[in-house]
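The values are calculated or read from the model by the stated rules, or taken from the named source; none is laboratory data. These figures come from a predicted structure and were not determined experimentally. Cβ sites come from the backbone with ideal geometry, for glycine too, and all protein chains shown count toward neighbours.
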Amino acid sequence: MANGFPNLPLSFLWYFTPVLLICFAIPCPGEEEKARKIGYLFEGSFESPEIFQLPEGAKITILVPYYEWDYGVRAFTKEAWDERSMTQERFAKAAATVADQLAESVKLDVVRDKNEVVEYILIEDKSPFVTSILTSDKLLPRVKDLLGDKILVVMIDRNLLFLFPSVGGNLKRYGPSLVADFNAAKLPISLEVFVLDEEGFRAIGVLNREQGLIE
């Protein structure tokens, strides 16, 4: 197959742009499926992927490289990862394309009190990569006028996030409801609380299952 670089193998294309990396077919060793998209998923540490990162400060939440194929999503195996000489740095650059697109386009369900003050923002989306918006530098600019320049994030489910202002005690007030939602989730992640600001994101505690308070 012609690739525009007659002296280079197709595998060399992995070293080029994130767009090429996302769009290029990714047949996995011994399998015939081909990836349509790659990106990060947050998962609970009770999962057991072969390749993952522990976000700053996190204790029970991990960040996992995934690819999307005809039958859903699948975590990268170490074999597939090593076969492509993949690194976390190169994957992050490619995954940022998906995260940025979602951060800019995902629907924001803004919940306000009787005085029209924003209580929190609910984000629910069918994309398996929706939680990866936490890794995007496009998210904070989109919500800071509503929540401030420092926000709290809880990822209840693979398709469900809650964003709270860091001041006002809203997260504490809704803590028990978040615990109930987590217990009912089909694809639960964790009750770990993350802060997002101009420096990035990091975990700051976990919601207590009994009282919904940060510990």
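Mind listing whichever residues of segment 201-215 are at pLDDT 95 or above and not hydrophobic (A, V, I, L, M, F, W, C)?
The answer is Arg202, and nothing else.
Is one or more of the residues making up segment 76-84 at pLDDT 85 or above, in contact with a Phe, Trp or Tyr (Cβ under 9 Å, 6 or more places away or on another chain) and outside any helix (DSSP H, G or I)?
Yes, there is a match, as at least one residue in segment 76-84 is at pLDDT 85 or above, in contact with a Phe, Trp or Tyr (Cβ under 9 Å, 6 or more places away or on another chain) and outside any helix (DSSP H, G or I).
Looking at (1) at pLDDT 50 or above; (2) surrounded by 13 or more Cβ atoms within 10 Å (Cβ to Cβ); (3) of a type outside the set (A, V, I, L, M); (4) at negative phi, which one does Gly57 not meet, given that it meets all the others?
It fails just one condition, (4).
Going by the structure shown, is Tyr71 among the hydroxyl-bearing types (Ser, Thr, Tyr) and either assigned by TED's automatic domain parsing to the domain that holds Leu161 or under 12 Å from Ser132 (Cβ atoms) (or both)?
No.
Which is at pLDDT below 95 and assigned by TED's automatic domain parsing to the domain that holds Phe201, of Lys114, Lys93?
None of the other options fit; the residue is Lys114.
Considering (1) assigned to a strand (DSSP E or B); (2) more than 13 Å from the chain's Cα centre (by Cα); (3) aromatic (Phe, Trp, Tyr), say which one Phe201 fails and leave the rest.
Result: Phe201 fails condition (2) only.
Here is a check on your reading of the model: is Thr131 at pLDDT 95 or above and within 15 Å of Asp197 (Cβ to Cβ)?
Answer is no for this residue.
State whether one or more residues within segment 93-108 are farther than 27 Å from Val195 by Cβ, surrounded by 12 or more Cβ atoms within 10 Å (Cβ to Cβ) and touching a residue at least 60 places away in the same chain (Cβ under 8 Å).
no
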